[in-house]
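Engineer: Mind looking over this structure? Questions follow.
Just so you know, all these numbers are worked out from the coordinates, no wet-lab data involved. All values reported here derive from a predicted model rather than from experimental measurement. When we count neighbours, we look across all protein chains shown, and the Cβ atoms used for this are built from the backbone with ideal geometry, even at glycine.
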Amino acid sequence: MEFITVYWWRILISAVVSYLLGSFSFAIIFTKLAKNQDVRTMGSGNAGFTNVLRSVGVVPAIFTFAFDCLKGIIAMLFTMWLFGLDVDAATQSISEASKYEYLTIAKCLAGMFCVLGHSFPVFFGFRGGKGVTTMAGILLIIDPMPWMLVLNLAVFLVFFLATKIISVGSLACTVSVPVWHFVMTYFFIYKPSLETSEPYSMTYVWVTTAIMFLIGLFVAILHRQNIKRLIRGEEKKIKAKKKA
């Protein structure tokens, strides 16, 4: 396969860098700075935005959310830069359509490794978060950008506002990610390309959708305790604090 034989070293570097970027657990970092404690010993024990919000405070939670998104964005931008390097003759004979397909597949793979790093960070004993905020940063850069983020954020907000439970919005978002990816990629990228001299392949649509499905499935599996609490009716809602 041309994607592997020509781009193998780029795929490897992108995967490693994306995993290492994901391994910076900002929930742990900002909680340590704010409280000098490990967020994994507080609240739900999860190294993520929601636990920081509940256990530490709004400001550290905002910083956690922003930086967890940012590492997903940086992983995407690095992959785009790396695959844009024209340093070998093999890439010069590849069509522009194929280059676009390979880059999109590479971005999806980089996103998957970044989420893996977030959940199993090498710098923090392989105990991290559930990857939702990092996935948000990835969706901002995955084509067709920024609609992938906008559409999935809309799904999150609808379910969260209806239930006041963050995990419900997160789980709905993980289900919608591969669905929206397929719809947008097929109808707004693949179909229009059929009218051009260099149409994209349907294989590219299926491969990228499959990777996005795996990312969504992985994040959903990490929410298995939340799912159990939802079934028992024990999952906590986000409520505004009443003034004394």
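Engineer: If I filter the range 220-243 for residues that are of a type outside the set (S, T, N, Q) and on the phi > 0 side of the Ramachandran plot, do I get at least one hit?
Structural biologist: yes
Engineer: Could you please find all residues in the range 2-26 being in a helix (DSSP H, G or I), of a type in the set (F, W, Y) and in contact with a helix residue (DSSP H, G or I) (Cβ under 7 Å, 6 or more places away or on another chain)?
Structural biologist: Correct list: F3, Y7, Y19, F26.
Engineer: For the range 32-72: of the residues being basic (K, R) and under 27 Å from E234 (Cα atoms), which is surrounded by the fewest Cβ atoms within 10 Å (Cβ to Cβ)?
Structural biologist: Going through the qualifying residues, I end up with R54.
Engineer: Those residues that are in contact with a His (Cβ under 8 Å, 6 or more places away or on another chain) and of a type outside the set (S, T, N, Q), I need them from the range 22-68; list them, please.
Structural biologist: G22, D68
Engineer: Out of T196, T174, T185, T208, which single residue is touching a Cys at 6+ places or on another chain (Cβ under 7 Å) and either more than 17 Å from V115 (Cβ to Cβ) or not hydrophobic (A, V, I, L, M, F, W, C) (or both)? Walk me through how you get there before you give the answer.
Structural biologist: Numbers: T196 fails: touching a Cys at 6+ places or on another chain (Cβ under 7 Å); T174 fails: touching a Cys at 6+ places or on another chain (Cβ under 7 Å); T185 fails: touching a Cys at 6+ places or on another chain (Cβ under 7 Å).
Unique residue meeting the criteria: T208.
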